[in-house]
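The values are calculated or read from the model by the stated rules, or taken from the named source; none is laboratory data. The shown structure was predicted, so the numbers you read here are calculated from the model rather than taken from an experiment. Quick reminder, even Gly has a Cβ in these numbers, built from the backbone with ideal geometry, and neighbours come from all protein chains shown.
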Amino acid sequence: MNKTLHPAPDDLVHRHAQPGRTLLAVLHAIQDETGFVPPDAVIPLAKALNLSRAEVHGVISYYHHFRTSPPAAVTVQLCRAEACRSMGSEALAGHIEAHTGCRFAQAHAHGDETGHAHGTEGTQGTALALESLYCLGQCALSPAMTINGTLHAKVTPQKFDALLDAAVTAAGKTKEAA
Ligand code: FES
């Protein structure tokens, strides 16, 4: 996945909107490639899939998984659902906010409570995003989170600090190599 150089929306759509593919499949493919779904891709997507612009926009905005702007260099997604709450995810969220100087994003208007984070300059000058999720399927290993898509279980504040340091270092290396 190349999150630094973004292909033109028309090229993205041409590449991924193959016959027989659903809108959701195409959106996933685009986001897998670029890290987000460019707003400029809505019109070519609608044309390619014979849908209205409103239909494409509605799907993108309904599923909180889809982003319409580039992701932060480091994205932390913390599970805030019941099992993780019972194992200290809220205290962990407080630690994460205090440690990074960033805040978890607010809920989406349509009520999914996820809220994509806003890119925030956090630890060591790296753009950091904090997001809440509601169950990662790791309830027996809670509290659970992902950092840049990698799942981590039984996360303690100390473990989080080490994981974040590693992610920030890795993000710096990726940036240097780009
Ligand atoms: S409740 Fe957190 S992983 Fe299921």
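With respect to the conditions (1) in contact with a His (Cβ under 8 Å, 6 or more places away or on another chain); (2) touching a residue at least 40 places away in the same chain (Cβ under 8 Å), H6 lacks only one, and its number is (1).
Please name all residue pairs, on different chains or six or more residues apart, with Cβ atoms under 6 Å, provided the first residue is in the stretch 129-157 and is closer than 10 Å to A83 by Cα and the second residue is more than 9 Å from the ligand (Cβ to nearest atom). If the second residue must be more than 9 Å from the ligand (Cβ to nearest atom), the pairs left are L141/K154; P143/G88; P143/L92; P143/V155.
In the set A25, A41, A46, A17, only one residue is surrounded by fewer than 16 Cβ atoms within 10 Å (Cβ to Cβ) and of a type in the set (A, V, I, L, M, F, W, C); that residue is A25.
Looking at L78, L128, just one residue is modelled with pLDDT of 95 or more, over 22 Å from I60 (Cβ atoms), assigned to a strand (DSSP E or B) and in contact with a strand residue (DSSP E or B) (Cβ under 7 Å, 6 or more places away or on another chain), and that residue is L78. When you go through (1) closer than 18 Å to T146 by Cα; (2) over 15 Å from the mean Cα position of the chain (by Cα) one by one for L45, which number turns out not to apply? Every listed condition holds for L45 apart from (1).
Among residues of the stretch 64-79 that are more than 19 Å from G101 (Cβ to Cβ) and free of Cβ contacts under 8 Å to residues at least 60 places away in the same chain, those with a Cβ under 6 angstrom from a residue that is within 16 Å of the ligand (Cβ to nearest atom) and in a loop (DSSP other than H, G, I, E, B), sequence gap 6+ or separate chain, pair up as H64/D112; H64/T114.
Where in the stretch 3-73 are the helices (runs of 4 or more DSSP H), entirely inside, with at least 2 residues that are of a type in the set (V, I, T) and closer than 30 Å to L128 by Cβ?
Values: elements: 9-16, 23-34, 42-49, 53-62.
Per the criteria, 23-34, 53-62.
Check L151, L163, L141, L136 and return the single one that is modelled with pLDDT of 90 or more and away from the ligand (no atom under 11 Å from the Cβ). Criteria check complete, one pass: L163.
What about A93, is it in a helix (DSSP H, G or I) and either out of contact with any strand residue (DSSP E or B) (no Cβ under 8 Å at 6 or more places or on another chain) or free of Cβ contacts under 8 Å to residues at least 24 places away in the same chain (or both)? No.
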